[in-house]
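The structure appears right after this line, and notes come after that.
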Amino acid sequence: MKRLRPLLLLGMSLSAQAQVEEQLQYQYYDVTIATGESLRQALSQASTIRQNGQVYHAYTRWGVTWNYWWQEARDGRCRLTLSRTRLSAQVTLPRLGGGNARQRQRFAQYLQALREHELG
């Protein structure tokens, strides 16, 4: 009998529907590099992301909400009929304007690493 319980519960859980909704948005702040200025200096000066005296070049804000619907059976037990999970995220990244070819190339590499870090 103990072996049947997990199988019975598995069968009951398969009747419930599960929905997952994802929303990902990007927001950008503009960065301009002055002559003689490093990419790091330009990013730190332009960044709108500041917390506790620190400057960050990227930031991800996210939230998760869960909703469950259930139905009471005739025997008084409840069973899940639907669950919905919503994930919303907003990633803030820099956007370079200007700069020479070398600076733009270095920025593109850095931006790729920032994006991977924020999504990771």
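The values are calculated or read from the model by the stated rules, or taken from the named source; none is laboratory data. Quick caveat, the model's predicted, so the values are computed rather than measured. Cβ: placed from backbone, ideal geometry, glycine included. Neighbour counts: every protein chain shown. Please note that ligands, DNA and RNA were not included when accessible areas were found on the heavy atoms of the full protein model with its side chains. Shrake-Rupley method; radii C 1.70, N 1.55, O 1.52, S 1.80 Å.
Using amide H atoms built 1.01 Å from N in the peptide plane, name the residues 5+ places from TRP70, or on other chains, whose amide H lies under 5 Å from its own.
Those qualifying (amide H under 5 Å, at least 5 residues apart or on another chain) are THR81.
What ³J(HN,Hα) values, in whole Hz, does the Karplus curve 6.51 cos²θ - 1.76 cosθ + 1.60 give for the stretch 41-48 when θ = phi - 60°, with x put for Gly and Pro?
These are the phi-based 3J(HN,Hα) values: 4, 5, 5, 5, 6, 7, 4, 9 Hz.
Taking θ as phi - 60°, what are the ³J(HN,Hα) couplings along the stretch 71-85 by the Karplus curve (6.51, -1.76, 1.60), each to the nearest whole Hz, with x for Gly and Pro?
Once θ is set to phi - 60°, the couplings for the stretch 71-85 become 9, 8, 7, 4, 7, x, 7, 9, 9, 5, 10, 7, 10, 10, 10 Hz.
If you line up the long axis of helix 4-14 against the longest principal axis of the chain, both from Cα atoms, how many degrees apart are they, to the nearest 10?
Here the helix axis deviates by roughly 60 degrees.
State the volume of the convex hull built on the alpha-carbon positions of the chain, expressed per residue in Å³ and rounded to an integer. Display every interim value, and only then the final one.
Details: hull volume 19.8 nm³, N = 120.
Expressed per residue, the convex hull around the Cα atoms of the chain is 165 Å³.
Roughly what angle does helix 101-119 make with the longest principal axis of the chain, taking Cα atoms, 0 to 90 degrees, to the nearest 10?
So the inclination is approximately 20 degrees.
One-quarter of the Cα convex hull surface for the stretch 67-116, in nm²?
Values: hull surface 20.6 nm².
For the stretch 67-116, the mean projected area of the Cα convex hull comes to 5.1 nm².
Carbon-plus-sulfur fraction of the accessible area of the chain, 1.4 Å probe, in percent? Before the final figure, lay out the partial values.
Details: 4890 of 9600 Å².
For the chain, the apolar C and S fraction of the accessible surface comes to 51 percent.
Efficiency by 1/(1 + (r/R0)^6): what FRET value for ARG106 and GLN23, r their Cβ-Cβ distance, R0 = 22 Å, to the nearest 0.05?
Working: r = 31 Å, r/R0 = 1.43.
Working from the Cβ atoms, E equals 0.10.
Could you state the accessible area per residue of the chain in Å², with a 1.4 Å probe and every protein chain left in place? Don't jump to the answer; show the numbers that get you there.
Working: 9600 Å² over 120 residues.
Spelled out: the 1.4 Å probe surface of the chain, per residue, equals 80 Å².
Assuming R0 = 25 Å, can you tell me the calculated FRET efficiency for the pair TRP62 and GLN41, based on Cβ-Cβ distance, to the nearest 0.05?
Values: r = 29 Å, r/R0 = 1.17.
Computed FRET efficiency for TRP62 and GLN41 comes out at 0.30.
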